[in-house]
1. Filtering the stretch 296-305 down to residues that are over 16 Å from Leu186 (Cα atoms) and assigned to a loop (DSSP other than H, G, I, E, B), which residue is modelled with the lowest pLDDT?
2. Look at Tyr320 and say whether it is part of a loop (DSSP other than H, G, I, E, B) and open to solvent by 40 Å² or more (accessible area, probe 1.4 Å).
3. Taking the condition in contact with a Phe, Trp or Tyr (Cβ under 8 Å, 6 or more places away or on another chain) and either over 18 Å from Arg310 (Cα atoms) or open to solvent by 70 Å² or more (accessible area, probe 1.4 Å) (or both), does Val255 pass?
4. Pro204 fails exactly one of the following numbered conditions: (1) outside any loop (DSSP other than H, G, I, E, B); (2) touching a helix residue (DSSP H, G or I) at 6+ places or on another chain (Cβ under 6 Å); (3) in contact (Cβ under 8 Å) with a residue 40 or more places away in the chain. What is the number of that condition?
5. Do we find that Tyr215 is in contact (Cβ under 8 Å) with a residue 12 or more places away in the chain, open to solvent by 60 Å² or more (accessible area, probe 1.4 Å) and assigned to a helix (DSSP H, G or I) in this structure?
6. Is it true that some residue in the stretch 84-92 is part of a loop (DSSP other than H, G, I, E, B), modelled with pLDDT of 50 or more, among the hydrophobic types (A, V, I, L, M, F, W, C) and under 23 Å from Ala137 (Cα atoms)?
7. With the stretch 102-199 as the region, which helices (runs of 4 or more DSSP H) entirely inside it contain at least 1 residues that are of a type in the set (S, T, N, Q) and closer than 29 Å to Pro53 by Cα?
8. Please go through the stretch 57-68 and pick out each residue that is surrounded by fewer than 10 Cβ atoms within 10 Å (Cβ to Cβ) and within 24 Å of Ser179 (Cα to Cα).
Amino acid sequence: MNKKIGKVLSVILVVGLLYAGFTGCTDKNSAAPQKNTIKPNQQQSADPKEKDPYAPVEGKKYKISWTAYQKAPTDPDGEMIRYYEDMFNVDIDVWNLEYDKYEKMLDLRLAAGEIPDLFRIQNPDSLPKYAAQGVLAELPMEVFEKYAPNILKVTEDNAPGFFNYGKVNGKLYAMPSVSQTNIFRLPIVYRKDWMENVGVTKVPETLEEFEALMYKFAKEDPDGNGKDDTYGLSQDGMSVVFGAFGGVPQRDYWVEKDGKPVYTGTMPEMKQALALLHKWYKDGILDPEFITGENYGGYWAISHSFINGRVGMTARGNYYHWLKKGDYVINKKCCQ
């Protein structure tokens, strides 16, 4: 086996990119969700201005409710909330739903007939469920072409055909959002001081070289404290191993094989990866507390196991979480 670590996380595909926003509709006087029956060519009054039900009313101040990705409650009087309210002449109502209980809390409010104008989803598989419940309004493509051409262009430029993932039975209900940073692989970060202390100067490029370094981190006292209290890797580092075998099952990723989408969690190669990790666990290379994860609270991208000197490598966070001063240079010409 000589699998390249360099291709470890080349599997960030649809699910890693898809954060869908759904438009909701409801009868405020009803306790049950109501289905949207408005069609883009349906006239609601004799006024010609009303022929387009999606057209904004000049001068009207809209109240827009939505849910967002958040790790802490949004201040309704926050600086950016007020900034966008003034810019677009709207009142913004952000639903503060606890991140770890997001879908459960959202479902409770939907069941009570409370439907935000737009809501995001953590699990793309839930889209058909919400469509079947009748809490979604259809979003014809001509609406995006007319009112959101920039969103449509950015999406098509970065992920052609991606809007199809917001469809159920041929109807568009969700606005897929492309995360451009996901074109980059997750970073593999090592303790350089530990590497130097165990006599390794070259960053691993193969699984064999990676394994050799992990054993040194666990067995050769890389922190020099005279105690047997270090490990090679923990939960997030396991992504590197799974990735070397072609997938990352613990993150619900899919890959394309022979022209077909394949769920990485059921790939035969994952058994080989698990067998290797089991060996490392028995040998004391894999942190025995890996099941609790590397983050103990606070900002999600922090690996406390890594920064506290328990493990010598991690793959937690995105590339921008590990930037050093000067890595980003502002192009003033583009921003003037």
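The values are calculated or read from the model by the stated rules, or taken from the named source; none is laboratory data. Being a predicted model, the structure only gives us computed values, none of them experimental. Cβ: placed from backbone, ideal geometry, glycine included. Neighbour counts: every protein chain shown. Ligands, DNA and RNA are stripped out before the accessible areas are found, and what is left, the full protein with its side chains, is counted by its heavy atoms. Shrake-Rupley method; radii C 1.70, N 1.55, O 1.52, S 1.80 Å.
1. Residues of the stretch 296-305 over 16 Å from Leu186 (Cα atoms): 296-299, 304-305.
Narrowing the set further to residues that are assigned to a loop (DSSP other than H, G, I, E, B) leaves 296-299.
Working: Tyr296: 92, Gly297: 85, Gly298: 80, Tyr299: 84.
If we take residues in the stretch 296-305 being over 16 Å from Leu186 (Cα atoms) and assigned to a loop (DSSP other than H, G, I, E, B), then Gly298 is modelled with the lowest pLDDT.
2. On the way: part of a loop (DSSP other than H, G, I, E, B): no; open to solvent by 40 Å² or more (accessible area, probe 1.4 Å): yes.
No, not satisfied.
3. On the way: in contact with a Phe, Trp or Tyr (Cβ under 8 Å, 6 or more places away or on another chain): no; either over 18 Å from Arg310 (Cα atoms) or open to solvent by 70 Å² or more (accessible area, probe 1.4 Å) (or both): yes.
So Val255 does not fit the description; no.
4. Unmet condition: (1).
5. Spelling it out, it is not the case that Tyr215 is in contact (Cβ under 8 Å) with a residue 12 or more places away in the chain, open to solvent by 60 Å² or more (accessible area, probe 1.4 Å) and assigned to a helix (DSSP H, G or I).
6. no
7. Here the list reads 127-133, 149-158.
8. Listed by number, the list is empty, since nothing qualifies.
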